[in-house]
Amino acid sequence: MAKSAKEIIKQMDAAGARYVRLLFTDILGRLKGMSITRSEIEAVLEDGQGFDGSSVEGFVRLEESDLMAWPDLSTFRVIPWEIAGERVAMMFCDIKNPDGTPFEGDPRYILKKHLAVAKKRGYTFYTGPELEYFYFKNPTSTEVLDHDGYFDYDTVDVGAVLRKRSVAALEKLGIPVECAHHEVAPSQHEIDLKYQEALTMADFVQLYRLTVKEIALQNNLYATFMPKPIFGQNGSGMHTHQSLFKDGKNAFFTKNDPYNLSATARHYVAGLLEHVPEFTLVTNQWINSYKRMVPGYEAPAYVSWGRRNRSSLVRIPMYRVGKENATRVELRSPDPGCNPYLSFACMLASGLDGMDRKLPLREPVEDNIFHMDSRTRQRHKIQELPNSLENAIEAFQGSKLMRQAVGDHIFESLIENKRIECEKYRLHVSQYELDNYLPVL
């Protein structure tokens, strides 16, 4: 881990890297950046790199466009593949105003603020997301590379080879990988990263998506993190495991509970369940996201929790003796098209609110919710998640906690952006309409 300009230059020279990419993220979670040469690195580390923020989604208006990118030295690494025949390094940046104050529209800063709140209370927040994705022949079709299913393994399969190469590239970037496998749908895959402190993991998610896409592109194929690209097949999720540690111990674990959940964990989960309809706009931010979250395709559609019930929104993985630190809660609603910084921030804010208010945790539901009728769900007090982007906007807009969680700037910008997306979709004439209405009307 580099700690100074001298160390960075030494590592660049050793790798033969002549350029450094300065990376940051817009409010929609898209990776942005600019390249500087090796000769400029010392000046940028001392003074930051200025850029026009008015061209970045959700950042600033034209009349207040000047922003500064300040590299985080701890994130320095050399990219393990060549770009246009050159070796290139990269660093994530914090975005600041020209006067040096943090920019309120920077998603990385929003997450750092919440982690600081947790740290002040003695907690470290860990996350372990499971990102699913598809390989297709090209970016304009959904022609799959295989017809395999869950955990199928074929060493000569193109998708399996791409997945292995992606894992190797991630490990060269210093990103620990726990597991990789084929998922349920044809040509669908998953690579699980070893849990990390949430800011590090959010950075890793950005590099994960970049790496998977890059390895596919190098092989003249296409990888997508679109939540639901194929009708009639499972969509892609980003199940997010999370836990709080205090004084080196897992604050979620206790032996004196049937689910091994401490009072802290129970209040945290209660906070997630209370606020998840409000932050669904952040964890599931696209119109397409809501075509994944329907009964029958393993994605949650209702607010509940349980252990063995994979129709639950929150699942508690089984405790293994001697593995107390692995006690965690798994939120199953997020999808891999989200902004990881804002998603982790909203999860943490919701959990801490549950802890602060000592919210009671409702009874678990271990029956398959998708098989329940509406009366049974009402009896169990099972609430529905927002089932459209419009409904998610409404729930988010009415939430005081979400405004506090992401700040006024991102709160207003995200709502405006998503309303525009809804309006564009409303005006679009789809293939479904042509197929069903044109022949008869």
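The values are calculated or read from the model by the stated rules, or taken from the named source; none is laboratory data. This is a predicted model, so every value here is computed, not measured. All Cβ positions, even for glycine, are placed from backbone atoms using ideal geometry, and neighbour counts span all protein chains on display.
Here N288 meets the list (1) under 30 Å from Y425 (Cβ atoms); (2) of a type outside the set (D, E, K, R); (3) touching a strand residue (DSSP E or B) at 6+ places or on another chain (Cβ under 7 Å) almost entirely, failing just condition (3). Of the residues making up region 55-106, those that are at pLDDT 90 or above, aromatic (F, W, Y) and under 30 Å from E421 (Cβ atoms) are F92, F103. Taking the conditions (1) in the same structural domain as G149 (by TED's automatic domain parsing); (2) surrounded by 20 or more Cβ atoms within 10 Å (Cβ to Cβ) in turn, N138 satisfies each one other than (2). Residue pairs, Cβ under 7 Å, 6 or more apart or interchain, first in region 367-388 and of a type in the set (K, R), second surrounded by 14 or more Cβ atoms within 10 Å (Cβ to Cβ). List them. Hits for this filter: R377/Y302; R377/I369; K381/R362. For region 114-161, the set of residues classified as closer than 24 Å to Q206 by Cα, in a helix (DSSP H, G or I) and modelled with pLDDT of 95 or more consists of H114, L115, A116, V117, A118, K119, listed by residue number. Whether a residue is under 21 Å from the mean Cα position of the chain (by Cα) and surrounded by fewer than 21 Cβ atoms within 10 Å (Cβ to Cβ) was assessed, and T224 passes this test. Within region 175-204, residues that are under 25 Å from V117 (Cβ atoms) and β-branched (V, I, T) sit with their Cβ atoms under 9 Å from residues that are at pLDDT below 95 and surrounded by fewer than 17 Cβ atoms within 10 Å (Cβ to Cβ), at 6+ positions apart or across chains, in these pairs: T200/S74. Looking across region 284-301 at every residue that is in contact with a Leu (Cβ under 8 Å, 6 or more places away or on another chain) and part of a helix (DSSP H, G or I), the one that is surrounded by the most Cβ atoms within 10 Å (Cβ to Cβ) is identified as S289.
Per the listing T264, T280, the residue uniquely more than 18 Å from the chain's Cα centre (by Cα) and either at pLDDT 95 or above or in a helix (DSSP H, G or I) (or both) is T264. Looking at this structure, is A185 modelled with pLDDT under 95, assigned to a helix (DSSP H, G or I) and either outside the structural domain of Y268 (by TED's automatic domain parsing) or more than 20 Å from the chain's Cα centre (by Cα) (or both)? For A185, the condition - modelled with pLDDT under 95, assigned to a helix (DSSP H, G or I) and either outside the structural domain of Y268 (by TED's automatic domain parsing) or more than 20 Å from the chain's Cα centre (by Cα) (or both) - is not met.
Restricted to region 302-326, and to residues there that are buried (at least 22 other Cβ atoms within 10 Å of the Cβ) and not in a strand (DSSP E or B), the residue that is modelled with the highest pLDDT is L313. Only a single item in (1) surrounded by fewer than 18 Cβ atoms within 10 Å (Cβ to Cβ); (2) over 30 Å from N288 (Cβ atoms) is not met by G232, and it is number (2).
Please indicate, with yes or no, whether at least one residue in region 382-394 is more than 23 Å from the chain's Cα centre (by Cα) and either of a type in the set (V, I, T) or in a helix (DSSP H, G or I) (or both). Yes, region 382-394 has at least one match.
Residues in region 23-50 that are over 20 Å from T75 (Cα atoms) and either part of a strand (DSSP E or B) or modelled with pLDDT under 85 (or both): 0 in all. For beta carbons closer than 8 Å, sequence separation of 6+ or different chains, a first residue in region 261-279 that is more than 14 Å from S312 (Cα to Cα) and a second that is in a helix (DSSP H, G or I) and β-branched (V, I, T), the qualifying pairs are L261/V269. Total residues in region 400-441 satisfying the condition of being under 21 Å from F279 (Cβ atoms) and among the basic types (K, R): the figure is 4. Within region 95-114, if we keep just the residues that are over 27 Å from S236 (Cβ atoms) and within 18 Å of the chain's Cα centre (by Cα), the residue that is surrounded by the fewest Cβ atoms within 10 Å (Cβ to Cβ) turns out to be K113. K255 fulfils the conditions (1) basic (K, R); (2) part of a loop (DSSP other than H, G, I, E, B); (3) closer than 19 Å to M355 by Cα except for a single criterion, (3).
Look at region 10-26: where a residue is in contact (Cβ under 8 Å) with a residue 40 or more places away in the chain and a partner is surrounded by 15 or more Cβ atoms within 10 Å (Cβ to Cβ) and hydroxyl-bearing (S, T, Y), sitting 6+ places away or on another chain with Cβ atoms under 6 Å, you get Y19/S35; R21/S35.
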